[in-house]
Amino acid sequence: QVQLVESGGGLVQAGGSLRLSCVVSESIRSLNAMGWFRQPPGKQREQVAHMTSGGSTTYTDSVKGRFTISRDNAKNTVYLQMNSLKPEDTAVYSCYAERTYIYWGQGTQVTVSS
């Protein structure tokens, strides 16, 4: 079973930056895709960023130009660089990995103060 562990969340002021990391227990080269979801307090979960095994990326409109998903194959790690953070980015961020099934991390809290 693939295991994912996120880190890098925290409290940041509006306009600041954070980089989330997601360490995968197996080679990310074996994955079909990976990405990040978030769930703001009291709201539905939404997909934030997605990366295919070929490196193609997609983002939800609200984060385009501010967030960047990337990966380091040697470290089996997927990143989410978040710049120009806004209070509405406050959420629990979870990474996922697709292979035969979809595997999830436990989530990391990101809080953006105004």
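Miscellaneous remarks
- Residues satisfying the stated conditions in region 20-41, i.e. modelled with pLDDT of 95 or more and either aromatic (F, W, Y) or closer than 18 Å to T60 by Cβ (or both): L20, C22, A33, M34, G35, W36, F37, R38, Q39, P40
- Residue check, E6 of a type outside the set (V, I, T), in a loop (DSSP other than H, G, I, E, B), touching a residue at least 12 places away in the same chain (Cβ under 8 Å) and within 19 Å of G105 (Cβ to Cβ): no
- The set of residues in region 19-42 that are assigned to a strand (DSSP E or B) and open to solvent by less than 30 Å² (accessible area, probe 1.4 Å) comprises L20, S21, C22, V24, A33, M34, G35, W36, R38.
- Where strands (runs of 3 or more DSSP E) fall wholly inside region 66-114, the ranges with 2 or more residues that are among the polar types (S, T, N, Q) and more than 16 Å from A49 (Cα to Cα) are 108-113.
- Restricting attention to region 11-23 and to residues that are of a type outside the set (A, V, I, L, M, F, W, C) and more than 14 Å from the chain's Cα centre (by Cα), the residue that is farthest from H50 (Cα to Cα) turns out to be Q13.
- Of all residues in region 78-99 being within 17 Å of S30 (Cβ to Cβ) and more than 11 Å from the chain's Cα centre (by Cα), the one that is modelled with the highest pLDDT: E98
- Residue among R66, R45 that is open to solvent by less than 50 Å² (accessible area, probe 1.4 Å) and charged (D, E, K, R): R66
The values are calculated or read from the model by the stated rules, or taken from the named source; none is laboratory data. What you see is a predicted model; the values in this text were computed from it and never measured. FYI the Cβ positions are ideal-geometry reconstructions off the backbone, even for glycines, and counts take in every protein chain you see. We work out accessible area using only protein heavy atoms, side chains counted, and drop any ligands, DNA or RNA first. Shrake-Rupley method; radii C 1.70, N 1.55, O 1.52, S 1.80 Å.
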